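As structure tokens, the structure follows; a few thoughts come after it.
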Amino acid sequence: MVLVDMRCTLEFWAVALGVALLGLLPAGCDRANTGSGPVVMLPTASISTDRVERDTDWAQWRGGQAGAVSVAGDLPLSWDRNSAFRWKVAVRGRGNSSPVVLGDRIVLTSVVKENNSSCLAVLCFSRTDGTLLWTKHLDLPLGRTHAKNGYASTTAALDENGIYCSFGACGLYCLDWNGEVRWHVGLSQFEQKWGAASSPILFGNAVIQLCDGENGSFLAAWDKDSGTELWRTIRSSTGCWTTPVVVQAGIGLRKRHELIVNGSGSRAGSIGTVTAYDPRDGKIFWYAQGTTDIPCPTAITGEGFVVSTSGANGPIFSIRTGGQGNVTESHVAWRYPSGGSDVSTGVIEGKRLFLVSERGIASCYQVITGKQIWQTRLRGDFSASLVVGSGRVYATSEQGNIYVFEAADQFHLLATNSMGERCLATPALIENTIYIRTAMHLYCIGKPLDQAADTLAGVKQPVGSDLVAASENGIASPIGSRVPDQ
């Protein structure tokens, strides 16, 4: 059992919230302790916040607001690799990026062989039947990477006007829905010996990317339409593989959006920080110390707080949003000194927080108090993040087993589903359907196709009137109407 460092009770939350509303929390920011540096602003920087995500989309890393929670009412529970899936298609190349879905389109990134060379690629599939609509070959991979990571681990972000994908040192790309590159921002100065894994996210009219390398780390935003840089904040971090997440903090007139980066790295291996930035201009709102060095998990979002976990069995702690400056003492609600996952991001469902460690230790905590409710062991190693739907938690092991258990105060394993292949990507849960990327295939597991087609008929599609015809005209490289199973 891990002892909880109970740093606040429910009464503390109520009192601290009252203090925040009165505007009495300490102001100012000691930049020397944040792991971050000055903001570089362009005079014309302007970010609106009117982007709306539909419940029928899973359009970026971990779905809407990176919460990894599906509103679907009847997700599949049990299956195996010999089941009659709605469809199953082979995926060219290698990649760990997760499937993202918008309308009737699914997008993956991969590294494929082209003319005897490795080539970065974006693949677009039909959600209805798995048809590969087009493949867009980009550039040769740049820089170093870890064997487990590879060059296509970051998940794309989608909206009706484009596909936004990041490939580390090769940069950030925006493609239209015909597979044509609209703009490209090179990031050759950004390199880490273990490669890149932070995915781009969308906020208003901006695409935001964390670029933490061994040197020259920064967080930046670009205009989605033109690729013009809107702001850049220098970070002294030497490595962080988390994906930022935007949360809404405060109430009434004090309501604001906060861009949360879960951790930072240093050459000395010192304590890292969770930092909240203003997504409109990159300025720092607050920071809290306590992560291990160079973390991977994304901050887990709740109503008025975020939970930080960090690798190598590092700390787990809850931070109330809406602060200013160093909030380590004022806004950290509870803390465990160890137990954090190495790569996998946990999930919040209702009043419960669920985590799984790299070695398969699954845990459930009370969100408000941090009290551990239960802990058990699942078989296998875990890099994919947890997702929730239909009152169940889906946990995907690297060995390709998907464990389904109740999102409840007692552990109850409902099913174990074998995909028969290695799996590091996080599933997408949408419209009573699960999309799963394994080492070699993309699976659609859900209700019959005729019912799915009825559902998709009412969903607004991405811009791009004739994707197949466009690929045949040379905008992208077609690989046939459907990739045969391998």
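The alpha carbon gyration tensor of region 176-293 gives principal lengths a ≥ b ≥ c with a/c of 1.5 or higher and a/b no greater than b/c, which makes the shape oblate. Normalised by residue number, the volume inside the convex hull of the Cα atoms of region 158-225 is 75 Å³ per residue.
If the Kirkwood radius is taken over C-alpha pairs of region 82-175, then at 10 °C and 1.306 mPa s the Stokes-Einstein diffusion coefficient equals 115 µm²/s.
Amide H to amide H distances under 5 Å link residue 311 with 292, 296, where only residues 5 or more positions off or on other chains count and H is placed in the peptide plane. Each residue of region 389-399 is assigned a 3J(HN,Hα), and the resulting list reads x, 6, x, 10, 9, 10, 10, 9, 8, 4, 7 Hz, derived from the Karplus form 6.51 cos²θ - 1.76 cosθ + 1.60 (θ = phi - 60°), x at Gly and Pro.
Pairs exceeding a 20 Å alpha-carbon distance, out of 113/136; 136/193; 255/283; 255/351; 283/351: 136/193; 255/351; 283/351. 3J(HN,Hα) along region 301-314: 9, x, 7, x, 7, 10, 10, 9, 10, 9, x, 6, 6, x Hz, from the Karplus curve 6.51 cos²θ - 1.76 cosθ + 1.60 with θ = phi - 60°, whole Hz, x for Gly and Pro.
Across region 149-165, rounded Karplus estimates of 3J(HN,Hα) from the backbone phi angles (6.51 cos²θ - 1.76 cosθ + 1.60, θ = phi - 60°) give 7, x, 10, 9, 9, 7, 8, 6, 10, 10, 9, 5, 9, x, 10, 10, 9 Hz, Gly and Pro being marked x.
A short reminder: the numbers here are calculations on the coordinates, not readings from a lab. It should be emphasised that the depicted structure is a prediction, and the values quoted were computed from it without experimental measurement.
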